[in-house]
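The values are calculated or read from the model by the stated rules, or taken from the named source; none is laboratory data. As the structure is a computational prediction, the values presented were derived from the model and not from experiment. All Cβ positions, even for glycine, are placed from backbone atoms using ideal geometry, and neighbour counts span all protein chains on display. Quick note on the areas: whole protein, heavy atoms, side chains included, nothing else; ligands and nucleic acids left out. Shrake-Rupley method; radii C 1.70, N 1.55, O 1.52, S 1.80 Å.
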Amino acid sequence: MSDQILSSTLEVRKDKWAQTRIAQVGIDTGLAADEVLLQVDRLALTANNISYASAGDALGYWRFFPAAAGWGRLPAMGWADVIASRHPDVAVGERVWGFFPMGTHLKILAGKVTAQNFSDVSPHREGLAPVYAQFDRASAYPIYEEGREDQDSLLRGLFMTSWLVEDFLEVHDFFGASSCLITSASSKTSIALAHSVKQRGKLASVGLTSAGNVAFCQGLGCYDKVVTYDQVASLDGSEPVVMVDMAGSAQILSDLHHRYADNMKYSCRIGATHLEGFGPVDNLPGATPEFFFAPGHLQSRSRELGGAEFMMRLGGAYVGFRQFCDSWLRIERSTGPEAVEAVYQRVLAGKADPACGKIISLG
């Protein structure tokens with residue numbers, strides 16, 4: 001006879017993200033063959049998590065961790081410990097990094113086990129990008145530092161997305177552009193992109209942000225120019241540009257497309273930090289906006305470069321970004337359901353301090 005543990009998870013309404021609840025369910029600790037039970041320790045909560053809701057249906061994010069009809073479990077990146085295992089190659093006590101629901105526990109069906117990682121091969125994962133089902137072992141992560149776990153929770157996944165975007169631009173010869181427009185410039189994903197653009201040195205980076213975040217963005221040193229959303233008319237519309245939209249605001253997207261018209265050479269959407277303005281954008285001048293699906297480019301580049309070379313490039317760039325963030329990023333931890341819900345609401349409303357990294361623990 002097996003025991004049960006009580007698992008708690010933050011859920012959001014799929015059609016009204018400000019409405020949340022804490023769902024509790026008993027998890028049977030009597031595991032079936034190859035099942036592994038993970039206890040979530042800490043997770044990062046950023047504007048990036050709101051982006052998963054915006055693309056929850058289009059890119060399958062709601063399917064990662066199934067919930068009751070009408071409700072969704074937002075994926076979040078962070079660390080967990082293996083507390084029970086029926087897989088012969090996954091040991092109790094292992095520390096792993098990956099995507100988890102914003103909760104206390106996750107039961108998976110372990111498979112594709114290597115010395116570096118293992119995956120959740122549960123049937124509901126079928127057809128989803130493999131990278132999101134993968135759990136990396138801390139013991140095999142070459143740049144693992146226990147003291148940087150919070151930083152890695154916040155930065156590692158979003159940096160990969162931003163690095164892949166910049167790499168995608170480079171592969172396509174930057175679409176003939178001379179500048180990269182980056183909306184929601186104070187978000188950590190945008191900062192990671194601006195840093196990657198700056199490191200390569202082929203494009204000028206132009207950050208767009210709200211008036212209250214201009215000084216912060218300028219102080220980072222990775223943007224060549226920072227303007228507010230109401231200053232779009234001051235930008236040189238005759239210059240060929242690419243745009244990476246982290247804001248998700250239909251109005252901002254429209255303003256920029258109309259400013260540059262045919263000089264908008266490539267336009268991709270990644271995030272949705274401006275919840276109130278998210279919506280369809282059709283028939284805009286210039287390149288048609290499209291969602292950037294990071295796992296697709298990751299897989300294609302891994303094949304082209306070889307897995308080892310790809311990971312060496314990505315890892316080296318990430319180490320540099322991590323060190324860059326030491327100068328401005330501070331960590332703030334929140335523990336317990338009420339504190340976590342409060343942080344979620346602040347991030348959702350766009351009221352979080354951009355220099356602060358929110359680390360949450362529901363348990």
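Overview of values
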read-out	value
Output for region 15-66, where each listed residue is open to solvent by less than 20 Å² (accessible area, probe 1.4 Å), assigned to a loop (DSSP other than H, G, I, E, B) and touching a helix residue (DSSP H, G or I) at 6+ places or on another chain (Cβ under 7 Å)	Thr46, Ala55, Gly56, Phe64
Odd one out for Ala177, checked against (1) more than 20 Å from Val241 (Cα to Cα); (2) modelled with pLDDT of 95 or more; (3) aliphatic (A, V, I, L, M)	(1)
Some residue of region 221-230 being crowded, with 18+ Cβ neighbours inside 10 Å, closer than 21 Å to Phe159 by Cβ, in contact (Cβ under 8 Å) with a residue 12 or more places away in the chain and in contact with a strand residue (DSSP E or B) (Cβ under 6 Å, 6 or more places away or on another chain)	yes
Identity of the residue in region 94-122, under 15 Å from Leu38 (Cβ atoms) and outside any strand (DSSP E or B), that ends up nearest to the chain's Cα centre (by Cα)	Met102
Region 159-184 residues that are under 16 Å from Gly201 (Cβ atoms) and open to solvent by 20 Å² or more (accessible area, probe 1.4 Å), paired with ones that are part of a helix (DSSP H, G or I) and among the hydroxyl-bearing types (Ser, Thr, Tyr) (beta carbon under 9 Å, 6 or more apart)	Trp163/Ser196; Trp163/Tyr318
Every residue from region 314-340 that is in a helix (DSSP H, G or I) and touching a residue at least 60 places away in the same chain (Cβ under 8 Å)	Leu314, Gly315, Ala317, Tyr318, Val319, Gly320, Phe321, Arg322, Phe324, Cys325, Pro337, Val340
Residue count, region 113-129 (criterion: open to solvent by 60 Å² or more (accessible area, probe 1.4 Å) and in contact with a helix residue (DSSP H, G or I) (Cβ under 8 Å, 6 or more places away or on another chain))	3
Given (1) surrounded by 15 or more Cβ atoms within 10 Å (Cβ to Cβ); (2) of a type in the set (A, V, I, L, M, F, W, C); (3) not in a strand (DSSP E or B), number of the condition Val244 does not satisfy	(3)
Index of the failed condition, Ile359 passing every other in (1) of a type outside the set (S, T, N, Q); (2) part of a helix (DSSP H, G or I); (3) at pLDDT 90 or above	(2)
Residue within region 74-84 that is open to solvent by 20 Å² or more (accessible area, probe 1.4 Å), under 20 Å from Pro123 (Cα atoms) and either hydroxyl-bearing (Ser, Thr, Tyr) or assigned to a loop (DSSP other than H, G, I, E, B) (or both) present	no
Single unsatisfied condition, Ala69 versus (1) without any contact (Cβ under 8 Å) to a residue 24 or more places away in the chain; (2) aliphatic (A, V, I, L, M); (3) assigned to a strand (DSSP E or B)	(3)
Selection within region 297-330 - of a type in the set (A, V, I, L, M) and surrounded by 14 or more Cβ atoms within 10 Å (Cβ to Cβ)	Leu298, Leu305, Met311, Leu314, Ala317, Leu329
Test: residue in region 102-112 that is touching a Lys or Arg at 6+ places or on another chain (Cβ under 8 Å) and within 30 Å of Asn263 (Cα to Cα)	no
Residue satisfying condition, being farther than 30 Å from Ser267 by Cα and over 16 Å from the mean Cα position of the chain (by Cα), within set Arg125, Arg148	Arg148
Members of region 1-34 found to be of a type in the set (S, T, N, Q) and under 18 Å from Pro66 (Cβ atoms), listed by number	Ser7, Ser8, Thr9, Thr20, Gln24
